[in-house]
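Beneath this line is the structure, given in structure tokens, with notes to follow.
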Amino acid sequence: MTPAARVAAAAEILDVILGGEPAEKALTGWARGSRYAGSKDRASVRDHVFQALRCMRSYAALGGGEDVTGRSLMLGAMRAEGADLAGIFSGEGHAPAPLSEDELAGGRAPEAGAEACDMPEWLWPALEAALGEGAAAEASLMRERADVFLRVNPLYGTVAEAQAALAEEGVVSEAHPLSEMALKVVEGARRVRLTHAFEDGLIELQDAASQAVVDWLPLEGAMRVLDYCAGGGGKSLAIAARSDAKIVATDIAPERMKDLPERATRAGASITVTSLEDLSAEDCFDFVLCDAPCSGSGAWRRSPAGKWQLTEERLIELCDTQVDVLKSASHHVSEAGQLAYVTCSLLRVENEDVVARFEALAPEWSCTAQQRWLPSAGGDGFFGAIFTRK
Ligand SMILES: C[S@@+](CC[C@H](N)C(=O)[O-])C[C@H]1O[C@@H](n2cnc3c(N)ncnc32)[C@H](O)[C@@H]1O
């Protein structure tokens, strides 16, 4: 496919996404019907689509027109890149149709603030409240593609050994200050899952800040650890890599944990997966982690559709769920144990405010530590709080 044909394909897929289809489904549907597209074409089209989703508001402004369409977004994207518009919108072969006079005359610079930072307008005050003067800089980072990070599994080798093994298979990486075990992939990211280092459990894919959060957890002395919102088990596996504790993983949606036993086996980790119902048969835990469901606002570079799907109502619902999750999880903490609350959100309402709400509801608990990881540190945005009984 020519570069212009890739732009046309991205516009077509974006129209499907704007019509309500999830991004991954729209991309898969297009790939199935486009057997002529090679792996490089598919990767390039995917990059266009995700970049347009990250920068939807600013590209729509640059693209112009009354309605946001795949074509207007890709026109905005090409303007943002300073591309040769006549060369792309040539109408030749599979290139997009030539630009109309209106399209040529349309488009404007995005307004500073929410639009230029590609954030929903309604959310901007909350971001400013949480991030102060850094709001524009942090939010703007969400307009960029996330780096790919690996976590080295110390059970199977050192960071240097992992780097060497990966390099032999064409994956170049470098250490990252967010975590001792984190490697940032600088070349060959698409090959990671095919490497022996991955298949043999020497490395896992995990965001560097997600690793930093687990490094920060005061797990010393804990014999029994519960991952209360385990999902795919990323945190459980990172805990297993740094603790000898018995680890139990649970989640309200057990199907989310379906790959965890296989991932644990690959990593040489022992993790017991259980349903919330069966958790009552377990003794209390020395440490309970709630990696709570949240807006995901700290990880919107990875899941950009999330920022346009979030509504004020949904955010309120999420905050209530977070307080409920903390309350339920707290019943599984032993008398002298600790409870951790983690989100990948940048918003105060999901972080500091939830801490305050939980303390008000459960006055026997008090927050003893809080930490924030900002996207400017290189990884996703995260928040963590530790509670102990008074
Ligand atoms: C942020 S994700 C967890 C990610 C995971 N810890 C990881 O590192 O890969 C939040 C998880 O909380 C789960 N969840 C939502 N409500 C819950 C509840 N009331 N009790 C337990 N888990 C819940 C969701 O199903 C989801 O898997």
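Using a cutoff of 8 angstrom between alpha carbon atoms and counting only pairs six or more residues apart, the relative contact order for the chain works out to 13 percent.
Separation of the stretch 145-201 from the stretch 81-114 is 39 Å, based on Cα centroids. For the peptides 3-9, 77-83, the ranking by mean Cβ contacts within 10 Å, running from highest to lowest, is 3-9, 77-83.
Of the residues Ile271, Ile247, ranked by 1.4 Å probe accessible area with the largest first, the sequence reads Ile271, Ile247. Please check: in the Gaussian network model of the chain (C-alpha springs, under 10 Å), which one of Ser58, Ser280, Ser210 has the largest mean-square fluctuation. Top of the fluctuation ranking is Ser280. For the set Lys246/Lys307; Lys184/Lys390; Lys40/Lys246; Lys25/Lys235, the pairs lying more than 32 angstrom apart at their alpha carbons are Lys246/Lys307; Lys184/Lys390; Lys40/Lys246. Ranked from largest to smallest solvent-accessible area, with a 1.4 Å probe on the protein heavy atoms, Ile252, Ile386, Ile17 come out as Ile252, Ile17, Ile386. Taking 0.36 nm per residue of separation and subtracting the current Cα-Cα distance, fully stretching the chain between Asp147 and Leu85 would add 19.4 nm.
Which length gain, in nm to one decimal place, applies between Glu121 and Glu101 when the Cα-Cα distance is subtracted from 0.36 nm times their residue separation?
4.2 nm
The listed residues Met223, Met119, Met1 rank as Met223, Met1, Met119 when sorted by accessible area, largest first, using a 1.4 Å probe. Take the Cβ atoms of Glu352 and Thr272, set R0 to 25 Å, and the FRET efficiency comes out at 0.15.
The values are calculated or read from the model by the stated rules, or taken from the named source; none is laboratory data. Predicted model only: the values in this text are computed from it and were never measured. Positions of Cβ are generated from backbone atoms using ideal geometry, with glycine treated the same way; all protein chains shown enter the neighbour counts. Ligands, DNA and RNA are stripped out before the accessible areas are found, and what is left, the full protein with its side chains, is counted by its heavy atoms. Shrake-Rupley method; radii C 1.70, N 1.55, O 1.52, S 1.80 Å.
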